[in-house]
Amino acid sequence: MFNAGIIGFAFAYVFRSYFTYIGLFFYWILTSPYNSILLPVNISRWMNQGEQNPNLTYDDYHGLFFADAIFTRHLIIFFLSIALVSLALVIRQVKESTKKEKIILIITSVSTLFLSIILFPLSANSLMKDENASSEDIYYRQFQEQNPLNNTYNVSPTLQIKSYKIDLNTKNEKISYIAALSVNISKENYNKWSFFTLYHGLKVNSVHLDGNEMNWKQDGDIVSILCPEKSKGDLTFKVEGVTSSFNPVDKKSFYLSASFPWYPIPGKWRIAEINTDGNIRYNCVELQTPAYFHIKYHKKERIFSNLLNVSENEFKGEAKGVTLMKGNLLEFNEKGMHIVAPPDLITRVPILLPKMKESLDKISFSLKESNIKIPENIFVVPVEDGNNDVEIYSDQLVIDADQLRLFYGQEEKYFTSIDCLIPSFYLNRNNHLYDSESLFLALFDSLYSNSRESYNNKRLKGLIDYPESLRDKKARSIPSQIIALQNKISREKMQVLLLDWYNQLKVGKLSVEYMQTSLNNLK
């Protein structure tokens, strides 16, 4: 408002006519969300960065704060306003102003314009982050075109990792570390290439085995190492670079997930893929077998982890992966639960977990599965759009902070629902069977959301009323077939059908054709 007033004064002072209103109209267009219609996309994104990204003023790690990008953007607009007013005064008061006043006004204009130029790189910080996220999206789209989801891209590890020792540092958006891996090398792998998965934004500077430089190469997300004729040793990686939007790092906070290869993971694994809805989904890339970890972070800042904290920012323990977090977070330990969450959500998790466990037990009973044990480490973190709002790893339960905040005070409405729990806890996280999953959940809801005697076909009827919600046209007749079949066969047979679909779906093999055939066989 202050800047608008200054600029309005400058326009009125220079253009003492109707041109003032035209100028102010264009200024309003340029500084409002409508500027995306007129301006190039990168300029409009810079102008609107605060409005388009609320996480610049509030996020789960920082809490409420003024980020460099949005604060310097406002400073730039302020300095440009002062420069404009100074120029306006020089133009209108050429005759009246003394030489000293003219010099002061000119110096003010030039200096504020110069400050604006200096501050611009800081103000573009969030824009660059958006571009990084966009380039990451492009990278994995191109990767998936070259390596389709149905091919045999993944390769199991050929080296056995006994332990990791990682000395970690961070600086702004970058991390750097030296990772020493205690490895066993079998004779059949002598003089052969072994693979490690490491996110492509992290660059390997050197690889040594017991102090001797190795023959190695890095290509995208894969680091290849030529194994020497040696049965065991300490394999040392020196790494630095940036992580993905899934594992955000900045100078005030970071989130490094156990499911993300921010350190070398033996084997060749697909880190991310494009979902049927077009979003990036990050896969869980953990160790196949547990290893002993020793992690040190070399700054005096509070760090949280799934490992045991043995001293200040030093963690040890056996696990399939390591999570490290820093930021505006609190820790809560009670009844075997280790919870890390933002301050406004830390008390909600202990209330939610018993209700979630109760729903999981009911679902497990219906699907003839053993009861699921919720891991002792529960982390409330930012989750990518393509991932489930609840993710379960080997020793961690991850809950999306945005969704938890959205249902604040009514968490059980969503986090105990089948839409949240079944995909997260029971199904193959990479099945890509969107229509099959929707139909399965509709049948499950029909059988079990009401009493055991009656069907609840609200979800099935919704699929009939909005057939476009099923992408495969061949799938759109299935909801009406299910409802018609309910009147012809027993409930027990419908439950057998559900279990058959479930067993196919959890291994990623439930096709629409299979569902159609199974329904026809019951008619």
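All of the numbers you see were taken from the coordinates with simple rules; none came from a lab. For clarity, every value in this text was computed on a predicted model and none was experimentally measured. Cβ coordinates were reconstructed from backbone atoms using ideal geometry, including for glycine residues, and neighbour counts include every protein chain displayed.
How charged is the neighbourhood of Pro290? Take every other residue with its Cβ under 14 Å from the Cβ of Pro290, and add Lys/Arg as +1 and Asp/Glu as -1. Within the 14 Å Cβ shell, the charges total 0. Taking only the alpha carbons of the stretch 182-300, we obtain Rg and Dmax values of 15.6, 47 Å in that order. Using C-alpha pairs below 8 Å separated by at least 6 residues, the relative contact order for the stretch 434-522 is 30 percent. Legend: ranking of residues Tyr297, Tyr514 from fewest to most surrounding C-beta atoms inside 10 Å; resulting order Tyr514, Tyr297.
Ranking Ser253, Ser417 by Cβ neighbours within 10 Å, fewest first, what do you get?
Details: Ser253 19, Ser417 14.
Ranked by crowding around the Cβ, least crowded first: Ser417, Ser253.
What does the charge add up to near Asn184, with Lys and Arg as +1, Asp and Glu as -1, over the other residues with Cβ less than 12 Å from its Cβ? Working shown, then result.
On the way: positive: Lys162, Lys187, Lys230, Lys232; negative: Asp234.
Surrounding charge for Asn184 is +3.
Of Lys268/Lys493; Lys203/Lys300; Lys162/Lys362; Lys300/Lys335, which ones are farther than 32 Å apart at the Cα? Mind dumping the intermediate values first?
Details: Lys268/Lys493 43 Å; Lys203/Lys300 26 Å; Lys162/Lys362 39 Å; Lys300/Lys335 29 Å.
Violating the 32 Å limit, Cα to Cα: Lys268/Lys493; Lys162/Lys362.
A crude spin-label estimate for the pair Glu468 and Asn503, with each label 7 Å from Cα along the Cβ direction, gives 3.8 nm.
Find the all-direction average of the projected area of the Cα convex hull for the stretch 236-322, expressing the result in square nanometres with one decimal place.
On the way: hull surface 27.8 nm².
Averaged projected hull area, Cα only: 7.0 nm².
When the GluC sites (Glu not before Pro) in the stretch 414-523 are filtered for DSSP coil states and for at most 12 other beta-carbon atoms within 10 Å of their beta-carbon, the remaining sites are Glu453. With all pairs of different C-alpha atoms in the average, the Kirkwood value for the hydrodynamic radius of the stretch 328-412 is 13.4 Å. Taking max minus min of the alpha-carbon positions on each principal axis, the stretch 434-523 gives extents of 31, 27, 22 Å, largest first. Each residue, Lys335 and Gln410, gets one label point 7 Å from its Cα in the Cβ direction; the gap between the two is 2.5 nm.
On a full-extension model of 0.36 nm per residue, what is the gain between Thr347 and Leu308, subtracting their alpha-carbon distance, rounded to one decimal in nm?
On the way: separation 39, 0.36 × 39 = 14.04 nm, distance 2.24 nm.
Once the chain is fully extended between Thr347 and Leu308, it gains 11.8 nm.
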